[in-house]
Amino acid sequence: MALNPKSYCAYVQNLPVDDLHRKYHDQQYGFPLENDNELFGRLILEINQAGLSWTTILKKQDNFREAYSGFNIDAIAAYDFADEERLLQNAGIIRNKLKIKAAIHNAQVVQKLQAEHGSFLNWLLNQRGKPLDEWVKSFRKIFKFTGPEIVNEFLMSSGIISGAHEPECACYELAKSEIKAHYPI
């Protein structure tokens, strides 16, 4: 069976191995993220992609990591007005005030989830099996700037829900085995 020609897997299949999309697809997309800071960083990237191309985000990924304190949840949760202004002046990231405020708010939410569930990952794993509309309701209840597409891509890209890779994709089995090894059922 062939790849769906409209899928991300098919899109990257013939790209050079050093292409941004190919590297992301083959090394990050749909693979587990065990560290809460990395999970939160992925959420920041997905939120910032809203209304823009994923290429833009991939090109700025390292800038986001640097600007947002290595995606350290505790550091971001403590950001103040000066940090907001610093981020708004940083041409290396997306300078959208609502998205910046959402990152700070969402870091504070993740801290609460960590306190209640032991980790952000535990909170996510405890909800596996929910249909997407229930995930979206859960996210919208506590997070900012998390619509259906953002929630779906965040969960898929971090391996929490399936669908990142097609069964015919060269990464499918590897991602599946890593998810099974890192995200207990």
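The values are calculated or read from the model by the stated rules, or taken from the named source; none is laboratory data. Just so it is clear, the structure is predicted and the values come from calculations on it, not from any experiment. Every residue, glycine among them, receives a Cβ derived from its backbone with ideal geometry; neighbour counts consider all protein chains shown. Calculation scope for accessible area: heavy atoms of the full protein, side chains included, ligands and nucleic acids excluded. Shrake-Rupley method; radii C 1.70, N 1.55, O 1.52, S 1.80 Å.
Farthest towards the positive end of the charge dipole of the chain, among the residues Met156, Ala78, Ser138, is the Cα of Ser138, using unit charges on the Cβ of Lys, Arg, Asp and Glu. Report the charge-dipole magnitude of the stretch 30-136 in Debye, nearest 20, computed about the Cα centre from +1 at each Lys and Arg Cβ and -1 at each Asp and Glu Cβ. With only Lys, Arg, Asp and Glu charged at Cβ, the dipole is about 340 debye. Using a Gaussian network model of the chain in which every pair of alpha carbons under 10 angstrom is joined by a spring, one finds that among Ala50, Ala82, Ala102 the greatest mean-square fluctuation is at Ala82.
With respect to the cross-link table entries Lys112/Lys137; Lys112/Lys141; Lys112/Lys176; Lys137/Lys176; Lys59/Lys141; Lys23/Lys60, which display a Cα-Cα separation exceeding 21 Å?
On the way: Lys112/Lys137 18 Å; Lys112/Lys141 14 Å; Lys112/Lys176 30 Å; Lys137/Lys176 26 Å; Lys59/Lys141 31 Å; Lys23/Lys60 14 Å.
Where the Cα-Cα span goes over 21 Å, the pairs concerned are Lys112/Lys176; Lys137/Lys176; Lys59/Lys141.
Checking (1) 53, 36, 25; (2) 85, 47, 26; (3) 56, 41, 38 against the coordinates, the calculated Cα extents along the principal axes in Å falls under label (1).
For the pair the stretch 101-169 / the stretch 57-84, the C-alpha centres are spaced 19 Å from each other. Probe of 1.4 angstrom, ligands and nucleic acids ignored: what's the accessible area per residue over the stretch 68-185, in square angstrom? In whole numbers, the stretch 68-185 has 51 Å² accessible per residue. Protein heavy-atom surface of the stretch 1-119, 1.4 angstrom probe: 49% of the accessible area is carbon and sulfur, with nucleic acids and ligands not counted.
Packing around the peptides 136-146, 5-15, 28-38, taken as the average count of other Cβ atoms within 10 Å per residue, puts them in this order, highest first: 28-38, 136-146, 5-15. With the helix formula -39500 (n - 2.57) applied to DSSP H stretches of n ≥ 4, the chain reaches a computed 222 nm mean residue ellipticity of -18500 deg cm²/dmol.
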